[in-house]
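Take a look at the structure set out below.
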Amino acid sequence: MGVLTNNLTLFRDGFATTLQLFLYSAVLSLLLGTFLAMLRVSPVPVFRAIGTTYVTVVRNSPLTLVFGFFVFAYPYLEIIKFDFFTSAIVALTLYTSAFICEVVRSGINTVPVGQAEASRALGLTFPQMLGSVVLPQALRSVVPPLVSTLIALLKNTTIAAGFSVSEAGAIRDSLSEQGANMLLGLTWIAFGFVVLVIPLTLLQRVLEKRWSVAR
Amino acid sequence: MRVRTLAALLLAGGLALTACGKEGTPGDTGGSTAAFEVAKDVKIEGSPTFDKIKARGALVVGVKEDQPFLGYKDPTTGQYSGFDIEIAKLVAAKLGYPADKIQFRTIQSAAREQALINGDVDYYVGTYTINAARKEKVSFAGPYLVAGQDLLVKKADSAITSKDTLKGKKVCSVTGSTPIKRIKDEKLTEPENIVEFQGYSQCVTKLLDGEVDAVTTDDAILKGYAAQEPEKLKVVGKLFSTEPYGIGLAKDDKVLRDKVNDTLQAALDDGTWLKIYDSTLGKSGAKSEKPALERY
């Protein structure tokens, strides 16, 4: 208990930053991921190629490399200056959206082709068809893997500790410098993550119940 | 298939980009002295660590690898060099093991206590500050060098002259380290100007790029970097802490600790210590100050 109470601000600030990183990148990667999935199922070959290339490249790169690129290499390109927190959000978003894209796409594949054909027969455009017929059904069927990807994102935020964002992953460094009991310290950090993951799991359960598709 | 080739090319390009951060490698980053005289038939009774060394027939020494002139691993040859490395070799020689019987192992700061507790390394020489909290988990021989917190800035920078001139400046150090904590606690600069990386070399890269204004840690470490880039970097030279560096040993191995302390005392008395200093850290032009051992 002492490790936690003596370092309350350290833990509080760390997990607050983790939560911020997570919320920003979760929202952004859900948006970008869904957009990429739309590209991958679009009737235009160039769009499909862009989507596929993105997923292949980003999904195959280690997250640390993506972080390293944005913190150490990207500044040399002199496009837009990011501070370290923004860089972390960009890296996490780009990385996670590749996974979200595949999850959403697999959801789209569960919607019977007949529905798309019927939409087209009714005169809906491609965006209309996706937006009001296919995606609503697709997202419902992929709630569990979607939440798993978000949980992975939450834990991936700890990599930012190595790139000048002092979030929960950086608590360990401070504790060890103080010579605190590492076993207890790491247990508390793990506990903190469990506390953060539980709401996500509950959210998954609620959404699954409310959105279940009768087929 | 074509898409995959493209992806592979892009990834290779990305790797090349991340690798081109630093131009050229500095030629001299370590320096070394002639081999130390190896003691023969060393007998140490009642030291579990020494018994283990004898059974293994070799030493495992924990060091740092990214501190030029202190503990530095040449990326091309894989050779370690620097002041800490020489001290480690000296201690090994007096335990009866020549330099080629030492396996150096890089241990990051955060993992030092655990490495000593687990027995992964026999002893640790790597800018390891002696303090009371650490003494509860490991024991220390020495100090073999007394350093203090200082600032590394660009040579042309005349605005940063001491710790009190850091307001509004970006200050970089290693994540969670004592120096950066001191900057935070004493509010020497604003929280958004604190930059933390896993290693000092990343901070120095950012300093050379002009993305941070100062790198802070112990002067011994900073002097090594300043000696690497003497035209571009300088050490401010106003210490604001005292950091006695010790050799980390397993806790309660008093026999080995006494032996290492005897070795250090002898080296301080007969000029070996000074020779080691002059051939490594001394190259930065900084004067040496002999430490006084704290036996316990």
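FYI, it's all coordinate maths here, none of it is from the lab. Quantities reported herein were computed from a predicted structural model and do not represent experimental measurements. Using ideal geometry, Cβ is built from the backbone for each residue, glycine included, and neighbour counts are taken over all protein chains shown.
Just want the ordering: B:L268, A:L31, A:L8, from fewest to most Cβ atoms lying within 10 Å of their own Cβ.
Details: B:L268 16, A:L31 13, A:L8 9.
The fewest-first ordering by Cβ neighbours comes to A:L8, A:L31, B:L268.
Counting only aspartates and glutamates at least 8 places from B:K89 when in the same chain, those with an alpha carbon closer than 12 Å to its own are B:E37, B:D100. In the elastic network of chain B, a GNM with C-alpha springs shorter than 10 Å, the most mobile of B:L264, B:L239, B:L249 is B:L239. Can you give the calculated 222 nm mean residue ellipticity of chain B, where each DSSP H run of n ≥ 4 adds -39,500 (n - 2.57) and the sum is split over every residue, rounded to the nearest 500 deg cm²/dmol? My calculation for chain B gives -10000 deg cm²/dmol from helical runs alone.
Using alpha-carbon pairs under 8 Å, 6+ residues apart, how would you state the relative contact order of chain B in percent?
Relative contact order of chain B: 25 percent.
Give me a single rounded figure for B:113-119: the average over its residues of other chain Cβ atoms within 10 Å of their Cβ.
On the way: counts 3, 3, 0, 0, 1, 0, 0.
Rounded to a whole number, the mean comes out at 1.
Neighbouring Cβ atoms from other chains, within 10 Å of the Cβ of residues in A:104-114, number 0 on average. In this structure, the residue pairs whose Cα-Cα separation is over 21 Å, taken from B:K232/B:K290; B:K154/B:K206; B:K54/B:K254; B:K181/B:K254; B:K73/B:K223; B:K167/B:K234, are B:K232/B:K290; B:K181/B:K254. Each Cα pair under 8 Å and six or more residues apart adds its sequence gap; the mean of these over the residue count of segment B:188-296 is a relative contact order of 21 percent.
For segment A:38-138, averaging the sequence separation of C-alpha pairs within contact (under 8 Å, six or more residues apart) and dividing by the residue count gives a relative contact order of 27 percent. Close amide H contacts of B:S241 (hydrogens built in the peptide plane, cut-off under 5 Å, sequence separation of 5 or more or a different chain): B:Q149. Here chain A is treated with +1 on each Lys and Arg Cβ and -1 on each Asp and Glu Cβ, and its dipole about the Cα centre works out to around 800 debye.
Calculate for chain A the 222 nm mean residue ellipticity that helices alone would give, adding -39,500 (n - 2.57) per DSSP H run of length 4 or more and normalising by residue count, nearest 500 deg cm²/dmol. Don't skip to the answer; put the middle values down first.
Numbers: 12 runs with 166 residues, N = 215.
Helix contribution divided over all residues of chain A: -25000 deg cm²/dmol.
Counted by neighbouring Cβ atoms within 10 Å, the residues B:D262, B:D269 run from fewest to most as B:D269, B:D262.
Considering only B:G246, B:G237, B:G62, the Gaussian network model of chain B with Cα springs below 10 Å gives its largest mean-square fluctuation to B:G237. Considering only B:S279, B:S109, B:S158, give the residue with the highest GNM mean-square fluctuation for chain B, with springs between Cα atoms whenever their separation is below 10 Å. Taking springs between Cα atoms under 10 Å, the residue moving most is B:S158. Toward the positive end of the charge dipole of chain A, with +1 on the Cβ of Lys and Arg and -1 on the Cβ of Asp and Glu, the farthest Cα among A:G107, A:G14, A:V3 is that of A:G107. Under the convention that each Lys and Arg Cβ holds +1 and each Asp and Glu Cβ holds -1, the size of the dipole of the protein assembly as shown around its Cα centre is about 1640 debye.
How do B:E243, B:E37 line up, fewest other C-beta atoms within 10 Å first?
Working: B:E243 23, B:E37 11.
If I rank by nearby Cβ atoms, fewest first, I get B:E37, B:E243.
Within the protein assembly as shown, antiparallel bridges make up roughly 65 percent of the DSSP beta bridges whose residues both belong there.
Please go through segment B:43-103 and write out the GluC sites (Glu not before Pro) that DSSP classes as loop and that have at most 15 other C-beta atoms within 10 Å. Passing both the DSSP loop test and the Cβ count: B:E45.
What is the average number of partner chain Cβ atoms found within 10 Å of a Cβ in B:183-195? Working shown, then result.
Details: counts 0, 1, 0, 0, 0, 0, 0, 0, 2, 3, 0, 3, 5.
What the average comes to for B:183-195 is 1.
Of the trypsin sites (Lys or Arg not before Pro) found in segment B:170-228, the ones in coil according to DSSP and having at most 13 other Cβ atoms within 10 Å of their Cβ are B:K187. Which pairs in the list B:K64/B:K101; B:K135/B:K163; B:K43/B:K135; B:K43/B:K101 are over 24 Å apart, alpha-carbon to alpha-carbon? Beyond 24 Å between Cα atoms: B:K135/B:K163; B:K43/B:K135. Look at the dipole of segment A:2-211 built from charges on Cβ: of A:L65, A:L77, A:T53, the Cα furthest out on the positive end belongs to A:T53.
Placing +1 at every Lys and Arg Cβ and -1 at every Asp and Glu Cβ, with all other atoms neutral, what dipole size does segment B:149-235 have around its Cα centre, in debye to the nearest 20? Don't jump to the answer; show the numbers that get you there.
On the way: 14 positive and 15 negative charges, 18 e Å.
Computed about the Cα centre, the dipole is about 80 debye.
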